[in-house]
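For reference, the structure is listed below as C-alpha cells.
The values are calculated or read from the model by the stated rules, or taken from the named source; none is laboratory data. Here the structure is a predicted model, which means the values were calculated and not measured. Note that each Cβ is placed from the backbone with ideal geometry, even for glycine, and that neighbours are counted across all protein chains shown.
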Amino acid sequence: MKVAMVGNPNVGKTSLLNALTGGDFSVGNFPGVTVEKKEGKGLIDGKAVTFVDLPGIYSFQTESLDEKVARDYLEKEKPDLILNVVNALNLERNLYLTLQLTRFGIPMVIALNMIDEAEKERIRIDTKKLSEIIGVPVIKTSAVKGVGIEELKREILRGGSVPKVFSGDLQDIIRMAEKIAREVKVVEKLEKPEIDEALDEVFMDRHLGIPIFLSFMWMMFMFTYSVAQPLNDLLSFCFDGLASYVASFDGWFFSMLGDGVVAGVGSVLSFVPNIAFLFLFLSLLELSGYMPRAVFLVDGFMSRFGLNGRSVIPLIMGFGCNVPAILATRSIEDRKVRIVTALINPFMSCSARLPIYVLFAGIFFPKTGSVVVMSMYVIGVLIALISALILRKTLLKGESEFIMELPPYMLPNLKELWLMTWSRTKHFIQKAGTVILAMSVVVWYITTYPGGSIEESYAAMLGKAIQPLFSPMGWSWELVLALVSGFVAKEVVVATIGVLNIDVPSVMTSYQAFAYMLFTLLYMPCIATIAAIRAEIGTRWAMFAVLFSFSVAYAVALIATGVGMWF
Amino acid sequence: MSVVPLSALREGQEGTVVAINGGRGCTARLMSMGIVPGKKIKIAGRRGGAVLVSVNGTKFVIGRGLAMKVAVDVGGQG
Amino acid sequence: MVLAFVFTAYFFLLTILEILSALNLFGFEGGMLMNAFVLGTVTATYLKGLIVKKDSYKFVASLIASAFSTLAILVYLASGSFSYGIFGFIAVPYAVKELGNKK
C-alpha cells in the first residue's frame with residue numbers, strides 16, 4: 001500500500017511520519033534539482049505501508065518545483081491513499097490545499113495535526129462536520145504528543161474514502177475554504193502566545209536584531225569548531241595511525257590502501273564531528289523557528305548583491321568549511337540564488353587555508369602579520385559578493401521573489417533533532433565519501449609513481465609542466481607543485497612545502513608571497529568542496545566553479561604581482 | 001481611498017489588499033498563502049529589503065520584488 | 001527593574017573583562033573579541049529593556065546569556081580555552097522561570 005503525505009510546510013509531516021512508523025523507517029533520498037521527496041517504509045499492524053513524504057506546498061497553482069514534484073507524483077504514480085496533513089492552528093489556509101487535492105480523485109484521510117497547540121490557543125474544530133463536508137475521515141492528531149496516532153493508523157489501513165470534488169479557480173477555492181473554516185471552527189480567544197511576541201520583538205529589534213544574529217553565528221562557530229575539536233583530533237589520530245600501519249606492509253597494494261585510501265578518505269572523515277555538530281546547531285535554529293527571522297534581518301544587505309536573506313547562513317558557515325556550507329544552500333528555494341550562493345562559497349576563506357596564510361605572513365610580514373591574514377578574509381568576502389553580483393547580472397539573471405511564513409517558535413524535540421542531523425550527516429558521508437575514495441587513489445598514484453617519492457613523481461612533472469603558466473608571477477615549480485597538491489585539501493599546501501624542503505624566502509619576494517596567498521585563497525576549491533558542489537547543483541556547475549575560481553585567482557594574483565612590482 | 005504598493009507602506013501601517021499585479025505564478029503563490037484581495041494586511045516591520053507583514057494572525061516575510069506587486073488600499077492616510 | 005539593572009551592570013563588567021583579556025591588557029589574557037561581542041550584545045539587550053521598560057528584552061537577553069554560558073563551559077571542557085561568558089550562568093534561573101511562566 002502506498003500512502004502519499006501532502007501538506008503545507010510547517011505542519012509537522014515529518015514528525016507524523018516518524019510517529020506512524022515508530023521512526024523506524026529507511027529514508028531514501030531522491031535528489032531532484034532543489035527538492036526531494038522522501039520515502040519511508042513502515043509496518044502498521046503487520047501490514048507493510050510505504051509512505052511518500054512529498055515536499056511541503058501551499059497549492060497546485062504555481063510553477064514551483066516542489067509543486068511540480070508533488071503534482072507529478074499524484075498524477076503519474078497514483079498512490080492508494082493521500083494522507084493530507086492539516087495544521088489545526090491555521091485551518092482555513094490549509095484547507096485551500098485540501099480542496100485542491102480533491103480533484104485527483106484519490107481516496108484521502110485528513111490528519112488534523114498540532115491539535116494540542118490549537119487547543120492551547122482555544123481553537124475548537126468540529127471534525128465530524130468537516131468530515132461530512134469533504135467526505136473523508138478526519139482525525140485529530142498531535143505527532144509530538146502521540147495523540148490520535150492509533151486511530152490514524154486504523155483509518156489508513158481502512159483506506160480512506162474518495163472526497164467530494166471541489167472545483168473552480170484559486171479564488172473560488174479560497175472562498176469555499178473560508179466558508180468551510182467558518183462553519184467548523186470556533187475560536188474562543190484569539191491571542192498570540194505571549195512568548196512568541198516577546199521573542200519576535202527582541203529578535204527582530206531595529207538595533208539589536210543583527211548583533212543577536214551575529215552572536216548566534218559566533219556560537220555556532222564555537223560549537224562546530226571548538227566543542228567538536230577533541231572528537232576531530234581523535235579521529236584523525238586514529239586514521240593517521242591506521243594509514244601508517246597499513247602502509248608499513250610491503251607492496252604497492254598496501255601503500256595504495258594506506259597512503260591513498262585510508263589517508264585520503266580518513267582526512268575527510270575526520271571532519272565528520274565538525275559537520276555533525278554544525279548540522280545539529282543548524283537543525284536547532286531551523287526547528288526552533290529562528291531561521292526565517294534571521295532571513296528577514298539580513299535581506300536588505302544581501303539583496304544589494306543579487307542574493308537574498310537565505311544566502312547568509314551558508315556564506316558564514318563557509319569560514320569554517322565550505323563543504324557543509326554548500327550543503328546548507330539546500331534551504332534556499334530560489335534555484336538561481338541557490339546556485340550563486342554555492343558557487344561563491346569557496347571564496348569564503350575556510351579554516352584549512354589559515355595555515356598557509358600563517359606560514360607566509362610569518363616569513364614575509366612579521367610585523368603586520370595579523371593584518372595581512374585578516375585582509376585575506378576581507379578580500380575573500382569582497383570577491384564573493386562582487387562575483388555574486390556579476391553572476392546574477394549575467395549567467396543567472398532573474399528576479400528573486402520570495403515569501404516565507406514565520407512559523408511559531410517551538411522547542412524542538414530530541415528525536416526530530418537527531419533524525420534531521422543524522423540524515424544530513426549521512427548524506428555528506430555518502431556523497432563526499434565515494435568521490436573522495438576515487439580521488440585519493442588518483443592522487444596517491446600521481447604523487448608516488450614513477451619515482452617512489454614526490455620529487456620524482458608524475459605530480460612533480462605536472463608541476464614543472466604547468467610552471468610556465470605561472471611564470472608571470474615568478475613562482476618556482478616547487479611552489480606550483482604545492483598548489484597542485486592543495487587541490488586535495490588546502491592544508492596540504494603547507495605539508496608539501498615542508499616535504500619539498502623549500503627555502504621560501506630565497507625563492508620569492510614579499511609581494512610575490514602576497515600574490516601566492518591570494519591565489520591559494522581563491523583558486524579552485526578542494527576535492528571535497530567540488531564533490532559537494534557537484535552533489536548539490538550538478539556536474540556542469542561544478543566544472544564551472546573550478547574554471548571560474550581559477551580564472552579569478554589567476555587574474556587577482558597577476559594584478560597583485562603587477563602592482564607589487566611598482567613598489 | 002488611495003492604492004499603493006505594499007512595499008511603500010510604513011512600519012505599523014495597515015491596509016486592505018486590493019489586487020495582485022503579477023504573473024499567474026506569483027499571484028497564485030501569494031493567494032495560496034492567504035494574501036487575497038479583501039484581506040487586511042499590516043506591516044509589522046521593514047529593514048530596507050524585505051517587509052514583514054501580518055495577515056490573518058500569521059506573519060510572513062515578503063521580498064521587495066514581490067511586495068511591489070501587491071496593491072494595497074490604505075484609506076485616507078496614504 | 002532592579003533585576004534588569006543588576007543584570008545590565010553584571011554583563012557590562014563581564015564584557016569589559018573579556019575585552020581586556022582579549023587584548024592582553026593589565027595582565028588579563030585568553031579572551032576573544034567575538035566573545036566580548038556576544039557579552040556586549042547581551043548587555044545592550046538588557047539595557048534596552050531597561051530603557052523601554054519591557055520585560056521581553058530581559059527575558060531574551062537571559063536566554064542568550066544562558067545559551068552562551070552553556071557553550072562557553074563546553075568549549076572550556078573540550079579545548080581548555082576560557083571565556084568570561086561562563087559566568088553568564090547566573091541568568092539561567094530567570095530564563096527557566098520565565099520560560100515556564102509563558103508556556
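Here is how the numbers come out for the structure above:
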item: Residue in the range A:457-467 that is closer than 28 Å to A:ASN322 by Cβ and in contact with a Ser or Thr (Cβ under 7 Å, 6 or more places away or on another chain) present; result: yes
item: Positions within the range A:153-184 being part of a helix (DSSP H, G or I), touching a Pro at 6+ places or on another chain (Cβ under 9 Å) and either at pLDDT 85 or above or not assigned by TED's automatic domain parsing to the domain that holds A:ASP45 (or both), in sequence order; result: A:GLU155, A:ARG158
item: Residue selected from the range A:310-329 under the condition within 14 Å of another protein chain (Cβ to nearest Cβ) and not β-branched (Val, Ile, Thr), by the criterion nearest to A:PHE347 (Cα to Cα); result: A:PHE319
item: Residue that is at pLDDT 90 or above and within 25 Å of A:LEU278 (Cβ to Cβ), where the choices are C:ALA72, C:ALA91; result: C:ALA72
item: 2 or more residues touching a strand residue (DSSP E or B) at 6+ places or on another chain (Cβ under 6 Å) and within 26 Å of A:TYR225 (Cβ to Cβ): qualifying helices (runs of 4 or more DSSP H) within the range C:2-103; result: none
item: Filtered residue count, the range A:117-136, keeping only those that are surrounded by fewer than 22 Cβ atoms within 10 Å (Cβ to Cβ) and either at positive phi or in a loop (DSSP other than H, G, I, E, B) (or both); result: 4
item: Verdict on A:SER244 being closer than 18 Å to A:VAL442 by Cα and either without any contact (Cβ under 8 Å) to a residue 40 or more places away in the chain or of a type in the set (Gly, Ala, Ser) (or both); result: no
item: The range A:145-166: number of residues that are at positive phi and either among the β-branched types (Val, Ile, Thr) or under 33 Å from the mean Cα position of the chain (by Cα) (or both); result: 1
item: Every residue from the range A:137-152 that is touching a residue at least 60 places away in the same chain (Cβ under 8 Å) and surrounded by fewer than 19 Cβ atoms within 10 Å (Cβ to Cβ); result: A:GLY146, A:ILE149
item: Enumerated helices (runs of 4 or more DSSP H) restricted to the range A:303-376, each holding at least 1 residues that are at pLDDT 80 or above and either over 12 Å from the mean Cα position of the chain (by Cα) or charged (D, E, K, R) (or both); result: A:312-317, A:335-344, A:354-364
item: Enumeration of residues in the range B:36-52 that are touching a helix residue (DSSP H, G or I) at 6+ places or on another chain (Cβ under 9 Å) and in contact (Cβ under 8 Å) with a residue 24 or more places away in the chain; result: B:ILE41, B:ILE43, B:ALA44, B:GLY45, B:ARG46, B:VAL51
item: Given (1) surrounded by fewer than 19 Cβ atoms within 10 Å (Cβ to Cβ); (2) among the hydroxyl-bearing types (Ser, Thr, Tyr); (3) within 12 Å of another protein chain (Cβ to nearest Cβ); (4) within 26 Å of A:LEU199 (Cα to Cα), number of the condition C:TYR10 does not satisfy; result: (3)
item: Any hit, the range A:531-544, residues being more than 34 Å from the chain's Cα centre (by Cα) and farther than 16 Å from A:ILE383 by Cβ; result: no
item: Boolean, C:SER21 is away from chain A (no Cβ under 14 Å) and crowded, with 21+ Cβ neighbours inside 10 Å; result: yes
item: Subset of the range A:2-42 [modelled with pLDDT under 75 and of a type in the set (A, V, I, L, M, F, W, C)]; result: A:PHE25, A:VAL27, A:PHE30, A:VAL33, A:VAL35
item: Restricting the range A:295-309 to residues that are more than 10 Å from chain B (Cβ to nearest Cβ) and crowded, with 20+ Cβ neighbours inside 10 Å, the residue that is farthest from A:GLU416 (Cα to Cα); result: A:GLY306
item: Only listed residue being crowded, with 19+ Cβ neighbours inside 10 Å, in a helix (DSSP H, G or I) and among the charged types (D, E, K, R), chosen from A:ASP200, A:ASP233; result: A:ASP200
item: Enumerated helices (runs of 4 or more DSSP H) restricted to the range A:489-562, each holding at least 1 residues that are surrounded by 23 or more Cβ atoms within 10 Å (Cβ to Cβ), in contact with a helix residue (DSSP H, G or I) (Cβ under 7 Å, 6 or more places away or on another chain) and not assigned by TED's automatic domain parsing to the domain that holds A:ALA328; result: A:492-499, A:510-522, A:527-537
item: Hits in the range A:257-288 - residues which are outside any helix (DSSP H, G or I) and either basic (Lys, Arg) or surrounded by fewer than 20 Cβ atoms within 10 Å (Cβ to Cβ) (or both); result: A:SER270
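Rundown of residues vs (1) β-branched (Val, Ile, Thr); (2) within 12 Å of chain C (Cβ to nearest Cβ); (3) free of Cβ contacts under 8 Å to residues at least 12 places away in the same chain, yes/no style:
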residue: A:GLU155; (1), (2), (3): no, no, no
residue: A:SER161; (1), (2), (3): no, no, no
residue: A:PHE166; (1), (2), (3): no, no, no
residue: A:LEU170; (1), (2), (3): no, no, no
residue: A:GLU178; (1), (2), (3): no, no, no
residue: A:ASP196; (1), (2), (3): no, yes, no
residue: A:LEU199; (1), (2), (3): no, yes, no
residue: A:VAL202; (1), (2), (3): yes, yes, yes
residue: A:GLY209; (1), (2), (3): no, yes, no
